[in-house]
1. Which values, in whole Å and largest first, are the semi-axes of the equivalent ellipsoid of region 115-219 obtained as the square root of 5 times each eigenvalue of the Cα gyration tensor?
2. At R0 = 35 Å, how high is the FRET efficiency between LEU179 and ASN99 if r is their beta carbon distance? Nearest 0.05 is fine.
3. Do the sum for the chain: with -39,500 (n - 2.57) for every DSSP H run of n ≥ 4, divided by all residues, what is the mean residue ellipticity at 222 nm, to the nearest 500 deg cm²/dmol?
4. Place a +1 charge on the Cβ of each Lys and Arg in the chain and a -1 charge on the Cβ of each Asp and Glu, then give the dipole magnitude about the Cα centre in debye, rounded to the nearest 20.
5. How big is the charge dipole of region 78-196 about its Cα centre, in debye rounded to the nearest 20, if each Lys and Arg gets +1 on its Cβ and each Asp and Glu gets -1 on its Cβ?
6. How large is the Kirkwood hydrodynamic radius of region 121-165, counting all unique pairs of alpha carbons, in Å?
7. Build a GNM of the chain with springs between Cα atoms under 10 Å: which of LEU112, LEU104, LEU191 gets the top mean-square fluctuation?
8. Report, to two decimal places, the Cα Rg of region 137-186 normalised by 2.2 N^0.38 Å (N = number of residues).
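The values are calculated or read from the model by the stated rules, or taken from the named source; none is laboratory data. Quick caveat, the model's predicted, so the values are computed rather than measured. In this analysis, Cβ positions are derived from the backbone assuming ideal geometry, glycine residues included, and neighbour counts consider all displayed protein chains. Ligands, DNA and RNA are excluded from the accessible area calculation, which covers all protein heavy atoms including side chains. Shrake-Rupley method; radii C 1.70, N 1.55, O 1.52, S 1.80 Å.
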Amino acid sequence: MPLVDNFTKLLIRGLLAGLIAGILAGGVAFVLGEPHVNAAIAIEEANSATGEAAGEAAGHSHGDEEEPLVSRDGQRAGLFLATALAGLALGAIFSVVANYARRLTGMSGPLLAITIAVGGWLAIEAVPFFKYPANPPAVGDPDTINQRTLLWLAAVILGLLSVTAAAAAAKAVSGHEFLSVRIAAPVAAFLVIVAIGYVSLPGINEVGEEFPATLLWEFRLSSLATQATLWLVLGLAFAFLTERATKNADVAKKYALR
């Protein structure tokens, strides 16, 4: 059954689904990501200590080191808060997209929710990630952070364009008699846009040769797993809440007719 609830109900549903998704994603980040972050920070501190020792040996004084604005304990405590807030924000955006998308398709509410979640993950996480994967502490030149941020935003825009092109292609061939064409058209549109964007955007590689490759990829995989959890749970929770609301509405109608 298509989504028929008003926008207020969709928004509440999206916020609740986003909150659930954010908390679970925080759990994945804490279990899978934190050990790799700690290991990367240890490498960063060891490199810093080595640099200080070399500077002192050469007669240079670095003075007192600045304390971080937020301690590691504070960062760990704030991890779940950050992911919960991110989930709430995504849930609100998810509801807006669902409210608009239901006017363009006859998909059932749960299927539409899962489709939007997959599209959101592809656009905002997968496409940018495979061009500019996440890096742990101790990786990256601080002087290029603004450039890297802008390039990442460009990759997000690329992801949104590619998913939009895929959706437009799917709608254009929705009436075609061959299933293969209905599948191939959106996939081809998506891949073509992504390929053009990847070739056009410059590459960035600021990982030092001394940084452990295993730690780097374990961190990146944990980051990918965290985002995948966020989007997967968001879509599934929204779909479940939609089915639950539909079932409750059907039960209420049955009792009203008695």
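1. Its equivalent ellipsoid spans semi-axes of 33, 14, 11 Å.
2. Efficiency, rounded to the nearest 0.05: 0.75.
3. -26000 deg cm²/dmol
4. The dipole magnitude comes to about 2540 debye.
5. It comes to approximately 360 debye.
6. 11.0
7. Fluctuation is largest for LEU104.
8. In units of the 2.2 N^0.38 Å rule of thumb, it is 1.86.
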